[in-house]
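Please read the structure below before turning to the comments.
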Amino acid sequence: MSLSQLIADARRGDGQFALTIPDSWKQGRTAYGGFSSALAHECARSLDPAMPSLRSAQVSFVGPVSDAVEIRARMLRQGRNASWVAVEFTGEKGVCYSATMVFMGPVESALHIHEVPAPENFTPVDQAREFLNPNAPEFIRGNFEIRFGQPKPSERRPEVAWWVRSVEHGQLDPMTETLLVADALPPGALPLLNARVPISSMTWQVNYLTAAPTTRDGWWLLQSVADYAEKGASSQHMAMFDADGEAVISGMQSVALFG
């Protein structure tokens, strides 16, 4: 089932959604994190459709998001220019997802800094080789188109870069679509691990570098670079770029590595 259909069919209340997570969006025991965050954004926006654009989100993947869930959004503070919204998912065993989202309009500023470099030697999307892996999770194979974002390195390193496009490109709110896509990469540490090692994202910090992200033909370049891994915990920096290599999201994620 498509995300847009799930959003349209969700049972709604005042800042609340109720729905059942389909298997086509699951990553192991839980829903894919970008899918959960896209739903959280839609629920948060329902509090006030006139809110400005999402600019930042702090996400905690508390437990498996699976089967029947209730999503509740609550306005923490609504100022003249910025709104803070808390979103929680509750399932059979209690809270399973939590996020704080900040929506903010533009203000005048003397600062103009944009120093998030694109991946080194990234492959232009029209030249990129298609990612074909019959063993990839179903949510990847069924909901995204993927191409490799860099030439294959001569030695393994803790970095992953892919071009990713949602099969629902153009059918979703632009911010909802970018959240859906932005978490599609495996962890940056994965190239150094046995492919069967279980992994689980714990937290995700997302900062938007533009209030209106756009790209050509729906293609986004994603990058994850692990800068720490020790005793089962990994930290990685993440970024999302448009088709020209201009950064639109900068973020961080903590990942549990069970092996």
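The values are calculated or read from the model by the stated rules, or taken from the named source; none is laboratory data. For clarity, every value in this text was computed on a predicted model and none was experimentally measured. Positions of Cβ are generated from backbone atoms using ideal geometry, with glycine treated the same way; all protein chains shown enter the neighbour counts.
Computed values, structure above
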{"item": "Any strands (runs of 3 or more DSSP E) falling wholly within the stretch 1-95 and containing at least 1 residues that are without any contact (Cβ under 8 Å) to a residue 12 or more places away in the chain", "result": "11-13, 68-78"}
{"item": "Filter result for the condition that a residue is buried (at least 23 other Cβ atoms within 10 Å of the Cβ), over 11 Å from the mean Cα position of the chain (by Cα) and among the β-branched types (Val, Ile, Thr), over Val255, Val225, Val167, Val206", "result": "Val255"}
{"item": "Count of the stretch 136-153 residues which are charged (D, E, K, R) and at pLDDT below 90", "result": "2"}
{"item": "Residue pairs meeting the criteria (Cβ under 6 Å; at least 6 apart or on separate chains; first aliphatic (A, V, I, L, M), in the stretch 110-123; second assigned to a loop (DSSP other than H, G, I, E, B) and at pLDDT 90 or above)", "result": "Ala118/Gly245"}
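Yes or no, residue by residue, for (1) at pLDDT below 95; (2) under 25 Å from Asp227 (Cβ atoms); (3) hydrophobic (A, V, I, L, M, F, W, C):
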position	(1), (2), (3)
Ser83	no, no, no
Ala86	no, no, yes
Pro134	yes, no, no
His169	no, no, no
Ala182	no, yes, yes
